[in-house]
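For reference, the structure is listed below as structure tokens.
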Amino acid sequence: MHILIVDDESLARSRLRTLLGDCQASERHTVSEAAHASEALTLLTAPSGRTVDAVLLDIHMPGQDGLALAHVLRDLPQPPAVVFVTAHADHAVSAFELDAVDYLTKPVRLERLQQALAKVHRVVRPTGATTAALPDGEVLLIQDRGRTERIPLAEVLYLKAEQKYVTVRTVLRSYVMDGSLSELEARHPTWFLRVHRNALVARRAVRALEKHYDAEEGEGWAVRLQGLTELLAVSRRQVAAVREEIARG
């Protein structure tokens with residue numbers, strides 16, 4: 001796997017390179033470095049360069065910062081997985097809104113870096129292509145005003161029971177379908193994870209578990225999904241299952 005470290009501090013880049021070397025017991029990484037956003041873009045867009053699979057990206061840098069660079073990376077033909085590495089924990093929400101795979105705070109611990117790399121492996125292959133672990137050809141059939149629409153299961157981020165129907169949420173929009181949440185869970189147990197009595201989430205979309213205040217339930221937990229700004233409440237009995245899913249990477 002080809003990893004690009006982007007940080008304006010040479011000592012920080014050196015420490016990450018050392019930690020990556022300690023992670024190589026099971027796989028060898030090719031590591032490149034960039035001291036600022038423009039240098040990183042030069043490496044990422046070089047026509048003869050090797051595809052970068054993941055970027056370990058600092059946020060606070062002179063000139064274009066890491067968040068701005070991440071916006072640009074999303075539009076590349078083969079966007080790399082992004083793991084933010086920063087001394088500031090106050091940009092986590094912005095980072096996950098940019099579909100970051102993980103968010104590490106300095107000083108980075110080896111265990112957390114290994115967890116982040118495991119998550120990278122879930123979303124990319126060493127060639128930079130999306131993994132083939134998505135359900136092949138499986139769809140949900142949505143009946144809408146006399147029209148039947150096929151929604152690929154791989155596009156579904158969550159399913160939420162709303163009285164007598166189920167809301168089906170993708171990155172682009174929401175749909176409504178008849179059916180039982182329990183039936184959908186039983187039909188696709190490896191794809192969906194129950195986080196609440198009224199909600200299932202796509203396992204591959206789970207990005208973070210956060211403290212959350214709900215007007216009805218009070219202090220509790222919520223899950224953040226890749227591609228969405230909204231949070232989904234996690235019941236107390238399901239917190240351990242969500243933590244396990246995140247740790248599994």
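The values are calculated or read from the model by the stated rules, or taken from the named source; none is laboratory data. None of the values given here were measured: they were computed from a predicted structure. All Cβ positions, even for glycine, are placed from backbone atoms using ideal geometry, and neighbour counts span all protein chains on display.
None of THR45, THR51, THR18, THR30 is at pLDDT below 85, farther than 23 Å from ALA208 by Cβ and among the β-branched types (Val, Ile, Thr) except THR51.
Taken over the range 180-202, residues that are crowded, with 17+ Cβ neighbours inside 10 Å and not in a strand (DSSP E or B) amount to 5.
From the list ALA35, ALA40, the lone residue that is in the same structural domain as THR105 (by TED's automatic domain parsing), over 24 Å from the mean Cα position of the chain (by Cα) and modelled with pLDDT of 90 or more is ALA35.
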